[in-house]
Amino acid sequence: MRLQRVWLIYRADSPLALKEARRCADELETIGVTCVLAMSGLTADPFPGLLASEPRLPDLAVVLGGDGTVLGAARHLAVLDVPILSFNVGGHLGFLTHDPGLLRSEGLWQRVLEDRFALERRMMLQAVIQRMGDLHGSEGASGMEVGPSDHQEIHWALNDLYLKPYHEDLSPTCILEMEIDGEVVDQVRGDGLILASPTGSTGYAMAAGGPILHPGIDAIVVSPICPMSLSSRAVVLPPRSRVVIWPLGDASRQVKLWKDGSAGEVFGPGECCVIQQAAHHALMVQLEQSPSYYRTLSRKLHWAGSLLDSAPSAN
């Protein structure tokens, strides 16, 4: 990999992440790499400023933090095909990150320069809110054709997109009509709806009772949040599915779109949200020689916890 310019993105509320970012910058600059440091967090989004002010894109983004910091980087950098190398520095679960011990391993940057790594392609999701002025009369399951227009914002997510009621002073439930590939499939009554990628299947969707998908599979997991009907169940859709979500009810029943836990747009009855696979993938640098998704699950989710600290069975 060419390594002339690197962005070092560190978790905003972690002094340890800042310390490690500065150390990495010192190491990289000694081998002639130009480094830019920027903090990222709930109230600090460095990417619009970086993309507007930097003379060119980085060859690599090094992310020091937890999964949330990685998700923020992926939402902005995946569409630009910038590879992401992440380490769990000051984070929590760290499903998407390397062990911080690898950050101090000898010859780390030489490995990157010599292409001694794998590049994982992780499926991304995208969502577009269709306002009343964007909808055109057409034949179809909903009586509307929902097509993109130039002025609409595209919301990207590596983990998940979910829709929940917007107003706190009303009952925290909503009715969401779900249309898949032009066919109305269900009206979900409950606290909302999650649409997750395989990467995000171990996040909010799993907490809502959804299945775990291997990241090598491209698919979309749809999980109702606390549905009021036992018939509303999690489903797995082919990756090219086009899901349209219509809020039902009076004008006060607005819902809000969230992307990887970050706020999106608010919309209401008569409008819809179109969700589908993004055209691009997040490029994740994988340093481990023999990575195991199942080993990661066992460690992070504490599967067979008693076996991890004791002798294995005869199997």
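Would the stretch 57-71 turn up any residue that is without any contact (Cβ under 8 Å) to a residue 24 or more places away in the chain and either over 15 Å from Gln4 (Cβ atoms) or not in a helix (DSSP H, G or I) (or both)? Among the residues of the stretch 57-71, not one is without any contact (Cβ under 8 Å) to a residue 24 or more places away in the chain and either over 15 Å from Gln4 (Cβ atoms) or not in a helix (DSSP H, G or I) (or both), which makes the answer no. The set of residues from the stretch 191-211 being surrounded by 18 or more Cβ atoms within 10 Å (Cβ to Cβ) and at positive phi comprises just one member, Gly192. Listed by position, the strands (runs of 3 or more DSSP E) inside the stretch 153-248 whose residues that are over 30 Å from Thr296 (Cβ atoms), touching a residue at least 60 places away in the same chain (Cβ under 8 Å) and hydrophobic (A, V, I, L, M, F, W, C) number at least 3 are 174-180, 243-248.
Can you tell which of Val70, Val89 is assigned by TED's automatic domain parsing to the domain that holds Arg111, under 13 Å from the mean Cα position of the chain (by Cα) and within 16 Å of Leu18 (Cα to Cα)? Matching residue, one of Val70, Val89: Val70.
For the stretch 72-107, a tally of residues being in contact (Cβ under 8 Å) with a residue 12 or more places away in the chain and surrounded by fewer than 17 Cβ atoms within 10 Å (Cβ to Cβ) returns 6.
Residue count for the stretch 1-20 under the criterion of being in a helix (DSSP H, G or I) and either touching a Lys or Arg at 6+ places or on another chain (Cβ under 9 Å) or within 16 Å of His92 (Cβ to Cβ) (or both): the result is 4.
For the stretch 108-125, the tally of residues that are surrounded by fewer than 20 Cβ atoms within 10 Å (Cβ to Cβ) and either under 17 Å from Pro215 (Cα atoms) or touching a Pro at 6+ places or on another chain (Cβ under 8 Å) (or both) stands at 4.
The values are calculated or read from the model by the stated rules, or taken from the named source; none is laboratory data. On a predicted model such as this, the values are computed, not experimentally measured, just so you know. Because the Cβ atoms are built from the backbone with ideal geometry, glycine has one as well, and the counts that use them run over all protein chains shown.
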